Every structure is written in structure tokens, then in C-alpha cells.
Amino acid sequence: LTVMGNAGMEPNISPADNAAQQDSLFSMMDVFLISLITGLFTYWFFFRKKKQEVPDLPKMQPVAAPVRDSSFIEKMKKTGRNIVVFYGSQTGTAEEFANRLSKDAHRYGLRGMAADPEEYDLSDLSRLSEIDKSLAVFCMATYGEGDPTDNAQDFYDWLQEADTDLSGLRFAVFGLGNKTYEHFNAMGKYVDKRLEELGAQRVFELGLGDDDGNLEEDFITWREQFWPAVCEHFGVEATGEESSIRQYELVVHTDVNMNKVYTGEMGRLKSYENQKPPFDAKNPFLAQVTENRKLNEGGERHLMHLELDISNSKIRYESGDHVAVYPANDSSLVNQIGEILGTDLDTIMSLNNLDEESNKKHPFPCPTSYRTALTYYLDITNPPRTNVLYELAQYATDAGEQERLRKMASSAAEGKALYLSWVVEARRNILAILQDMPSLRPPIDHLCELLPRLQARYYSIASSSKVHPNAIHICAVTVEYETKTGRLNKGVATSWLKNKVPDKNGSNSLVPMYVRKSQFRLPFKPSTPVIMIGPGTGIAPFIGFIQERAWLKQQGKEVGETVLYYGWPPEGGGETGLSSGCRRECEDYLYREELAHFHQEGVLTQLNVAFSRDQAEKVYVQHLLKKNKENVWKLINEGNAHIYVCGDARNMARDVQNTFYEIVAEYGNMSQPQAVDYVKKLMTKGRYSLDVWS
């Protein structure tokens, strides 16, 4: 356009010149148009390409999702298995029992496999009869207040809704529970009953293991009767003595890229260096300890308050939830095991499953060093189970020690009694056993294969996310005691947490953690009264509850009566660090200033405190409840109060529940059975909640 304008302003240009100029003009226009068309075509081409690719994106998503095996039936057929042992496991014990049962099968000419129900479609149980001499065994732990474990939740949901005909299925169930809990072995009982309702045939009676007694002995007793029943049902016989069969093979890495070696991560390699949400059991968040202070003023015990920084983690929690932390074993114990076995603990190795079809390729993340495995992945402080002793016996060069180990691993009454006294009651861990049996020197790789996994420890969160959205508070007591052999045993997690000193630049203050949701919740309406009973560190969730009620009051909400009963339970102790109570006010009044402040502000309407050793007659929380029984009944009956109990399940929770039976019977004019039924209905309605441990 500029050229054309200039041409109009030059009247004296000759025709030849004018023609030449026009030729030039047209050639420039051609170039311009061709360029424009090419540019538009290129833009359209790529734009069109992108539009075409958009529908393909959703197809890529399933690749990232965990892939569930198409069928455990097909896997069993492919590998020649006829027994499948499913496990519902929260702490690893049910999985361990399932592995032991699947290994047993070879003694009877059968082949077994342990299976995680979360990884398979359990509706395929109806097809198990396609396999000759097939059997499904279920090792099912009960978690919390009668709930399924996390990995058995889908199976539980399927069982509730299923109308499948399982008439061709043969099954047996062993339940793992604890009698101190209200719903003892609820999951094992339900699976056993429901499978029968769906037409399945029970091959052997339901086994009920009690962790409050001797779970190992319960399992062995059930197992020794279970296999003869299986033999009779299928018409098979034992092929010989139980033999030691390695499940994993050792591979030592002499030339390995250290960037591909696990250093304590629970799932993804380098996940601690490159943190990515969401955070859970397989992908914990490394939280910084910003505060670690002693709560009690005197006494022998160390009660502590820790604060974990969860900023930028996208972790959300509610009052009443639990925080899980992954601890590390004491380095001195790890070093002593290495010295006794004459091993270079920094050797990089892998333990690879000999069964190539197994979903579980390694017993813990590999490749790694023996030091890392013994520090972060393996339980070296709990007394080992009998199967570990049996497998280790072959390495004892002294005939007497070998016989002793085999006897303790046997099902004979004398052997069971010896195991109970020498291992369980004496609290001998693997190091103590190696120290007390000088001829027992197993290969460290076999020991690492046999030891169970080190589990996360759970703590009731002692804060409200309304007040502390970027922090999680923990209240715990260090566990330390002398065993019958004179050794000093320390709780793994509490001793480890005690040494977590706030240090912004160092790794010593980092804690791998994640949040586990609970049903321990404040009422939906803030105006509903709450009665909280939390002796000792059982007060933890109630600090969060009270903080939240104070916050709600500040927001102008009408907040109902908030009543706390706090004191010393009859007995305490335990690795969770949450079962110690208050013996003397001068020593053990946890959160004294905070509670006094809330009481003064009127948020905490009643603060009832019992310190058992401050007077001649011991006073516990249940005595304070009886003292205030008329007020307690009024809050329950007229105010529709919600009751919360946190602490020791074995004694305190049971005594408190019995006290409520008495109060309801007296003031509700009911018989004892009616009062019991009344309290049970409160539980069903969510008005009587428990957060207890044994």
C-alpha cells in the first residue's frame, strides 16, 4: 500500500518505468500472498493436529492408575496353584500368617499362594472350583471398632452387596483380633458367616486369634488342626517333615548406581528427595519437627509434645484423626547385629522373589543396604515368631541350641510353654536371641528375609486443623523398661521421636508421616454437649476437640457444654505412647496451662481431674463419673450429649463403660440388660465413640 501511494505522487514517471514498477509490485504481492497462505496453512495444520489429539488424552490416564490383575484364577492355573490365602492386614501379621500357610501347602502335595484382596477381583471366587482340590483361606484382621483393614475394604464391600452363588467354593477363615476391644474379631466372624450364606463350603472351623493373649499360639493351635482337616477333605497325606524353603534369593551388587539404591523410602525411589502429593502409607510426607517439649515436670517418665510442620503438603486432617509416623531402629542395635553376624552392613543387595509370578518382588524396597533394611524396613525389637525360630534353627551349630529352637517352634505343649517364657515373657528380640545362643549365626540375608516389616506407629492428633491448619501435634510418652533378662528395652518410635530436635537445616528433625482418617468426630451441631474421658495421654484428641470448640465460639457459634474427665487409668504402658495416665498432679498434669485457660474462658465448662496417688485412696476417672452421675445422666438424656473415650482398652475403657451402665440403670430406671442395650444403641448412633488401644 505504501508503494502504491508513492506511485500516485510521481506524475512524471515514464510508461516503461511504470510497467517495470508494476511488475515489481505484482511480484512482491505474490510473495506476500504466498507467505500469508503458507502461514495460515501451517497454523491451521498444527491447530487441527492439537484438536485431533485432545480426545486421545483420557486414554492415557489408566496407565498411571494401579493395574489390578485380571484374575487370581488365571494366575493360579498358570502357576499350578490350588490353594489361595487372602489376607486382610493392617500391621503385617495377617500377611505373615498367610505366607506361612501358603508355604505349608507343599508338605501335602498342594501348592499355595498368598494374595492381597486389594489386588484382585474377588467375584472370581465363584470360579475357584474350576481348579482341582482348590481351597480359599482367609486370614482376616479386625481393625479399630470392628472394621475391615484398609486392604480388605473393597472385599468387605463386595461381600455385603454380593448375591453370587459360591456353592463350589471351599474355604476356611482365621481371624486376628483382640479381646479388649468391643467388636472382637468382627471381620473374621463376618467373612466366615457371609461366605457360608453365599453357599460356600467350610472345610474347617473359624479360628479366632487373640492378640491380648498369645496370638502366635492361637494361630499354631488352629493351624495344626486345620491341615489334617484339609488332608481328610481332599484325600491327601503329608509328604514329609516341614522343610526350610527360601522364598527370596540374594543378589549382591558390587557395581551399582547409588541413585538407584533405596535409603529408607517406603515406595517410590527418591520420594524423600522429590516429594509429591498425595501423601499416604506408601508415600509419606517428610514433616519438620518445629517443637519438641517435655510436658511433665518431674517423675521417671518422659511425656512429650511434638509439633510437625505440614505446610505445602496439601495434607488435610480433622480433629480425632490419627497421624502415622515411620520410625527408625536404634543404630546401636543395628550395629550389634552386624558385628555378631560378621557382616559389612553397607553391602548393597537385593532379595528377589524366586516365584517370578508373584506380585511381591521383594520383602522390602530393593536394592538397598543391610544397614538400611535393619534400620528402616525390618522389625528387630519385637520377640520373633515361632516360624522365624524354626527357620533359624538349622544355623545353630550347637545341638542343644538347635533342639531348643526347634522345640520352641513346635506345636507340643512343652515347646509352647518354653516359647512363651523364654521369648515372649522375657521380651527377647532377635539381637538378644543371637547373644544368648552363641552358636546361632545365620546368614544375614536369610535373617532379613524372615524378619517382619517395621510398621508405622499411630498417634491421636492433639490439635485442631481449624486452629493449626499447617501443623499436626502429637502427645506421647517414651516407653522404657527392664526385661527379665536384665536388658533395657526401649520403644522404637517414642525413643526415636524423643531425639527429634527442631533443626531447620538438618535432617534429624524430619519425620515421615501421613494422616489416617477416623470416625472419632465432634458432633455436627456445635451446640450438642460433649463428655470426654481421656486419662493420661488419652487426652490427646480432646486437646484438638477443645481447640475446635473454642474456635467455633469465636466464630459466634452457639457451643454446648464441653466436659472433660482426665486422670490416671488403672494400668498404663505400651509402644503407642498413648496409654500412660496421671499419677501425681505435680508430675503428670499434661497441658495444665492450656486446660486452665480454656476453663477460664468458659469453653471447657467442666474440668474434672483425678490424680491417683495424691491421696490414700486411688481415684480414677470412673470414680469422678460416679460422683457426677446425676449431671452425666442429664447431659445424656436431656442434652443428647456425645460421649468420647480415649486411652487404654484393657482396663480403663471397660471400667468407664461399666460405669455408664450403672448410671443409665439408676437414673433411667432400667434393668442391667436394658442399660447395656441403651449404651450399645448410643454406640450405634455414633453418640458413644472409642479411640482405644491395648
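The values are calculated or read from the model by the stated rules, or taken from the named source; none is laboratory data. Just so it is clear, the model here is predicted, and its values are computed rather than measured. Using ideal geometry, Cβ is built from the backbone for each residue, glycine included, and neighbour counts are taken over all protein chains shown. The accessibility values were calculated without ligands, DNA or RNA, using every heavy atom of the protein model including side chains. Shrake-Rupley method; radii C 1.70, N 1.55, O 1.52, S 1.80 Å.
Descriptive notes on the structure:
- Taken together, the criteria exclude residue 232 from residues that are part of a loop (DSSP other than H, G, I, E, B) and either open to solvent by 60 Å² or more (accessible area, probe 1.4 Å) or modelled with pLDDT of 95 or more (or both).
- Being within 19 Å of residue 293 (Cβ to Cβ), of a type in the set (A, V, I, L, M, F, W, C), surrounded by fewer than 18 Cβ atoms within 10 Å (Cβ to Cβ) and under 25 Å from the mean Cα position of the chain (by Cα) is a condition met by at least one residue of segment 506-525.
- Residues within segment 157-191 that are farther than 16 Å from residue 210 by Cα and touching a residue at least 40 places away in the same chain (Cβ under 8 Å), tallied: 7
- Hits in segment 197-219 (condition: open to solvent by 30 Å² or more (accessible area, probe 1.4 Å) and small (Gly, Ala, Ser)): 199, 213
- Subset of segment 281-300 (residues that are in contact with a Gly (Cβ under 9 Å, 6 or more places away or on another chain) and either on the phi > 0 side of the Ramachandran plot or charged (D, E, K, R) (or both)): 282
- Residues satisfying the stated conditions in segment 390-424, i.e. part of a helix (DSSP H, G or I), touching a residue at least 24 places away in the same chain (Cβ under 8 Å) and of a type in the set (Phe, Trp, Tyr): 390, 419
- Unique residue being small (Gly, Ala, Ser) and over 26 Å from residue 308 (Cα atoms) when the list is 462, 432: 432
- Failed item in (1) under 20 Å from residue 89 (Cβ atoms); (2) touching a residue at least 24 places away in the same chain (Cβ under 8 Å), with residue 361 passing the rest: (2)
- Complete set of residues in segment 507-529 that are of a type in the set (D, E, K, R) and not in a loop (DSSP other than H, G, I, E, B): 516
- Of all the listed residues (427, 453, 385), the sole one being within 24 Å of residue 280 (Cα to Cα) and touching a residue at least 40 places away in the same chain (Cβ under 8 Å) is 453.
- All positions within segment 425-452 that are outside any loop (DSSP other than H, G, I, E, B) and surrounded by fewer than 17 Cβ atoms within 10 Å (Cβ to Cβ): 425, 435, 436
- Screening segment 112-229 for strands (runs of 3 or more DSSP E) wholly inside it with 3 or more residues that are over 22 Å from the mean Cα position of the chain (by Cα) and under 30 Å from residue 361 (Cβ atoms) returns the ranges 135-143, 170-177.
- Complete set of residues in segment 299-313 that are of a type in the set (D, E, K, R) and either touching a Phe, Trp or Tyr at 6+ places or on another chain (Cβ under 9 Å) or part of a strand (DSSP E or B) (or both): 307, 309
- Listing of strands (runs of 3 or more DSSP E) fully contained in segment 590-694 that carry 2 or more residues being buried (at least 20 other Cβ atoms within 10 Å of the Cβ): 642-648, 688-693
- Taking segment 278-294 as the range and being outside any strand (DSSP E or B) and open to solvent by less than 20 Å² (accessible area, probe 1.4 Å) as the test, only 284 passes.
- Failed item in (1) touching a Phe, Trp or Tyr at 6+ places or on another chain (Cβ under 7 Å); (2) open to solvent by 60 Å² or more (accessible area, probe 1.4 Å); (3) closer than 21 Å to residue 220 by Cα, with residue 354 passing the rest: (3)
- Looking across segment 262-277, the residues that are in contact with a Phe, Trp or Tyr (Cβ under 7 Å, 6 or more places away or on another chain) and crowded, with 18+ Cβ neighbours inside 10 Å come down to 265, 266.
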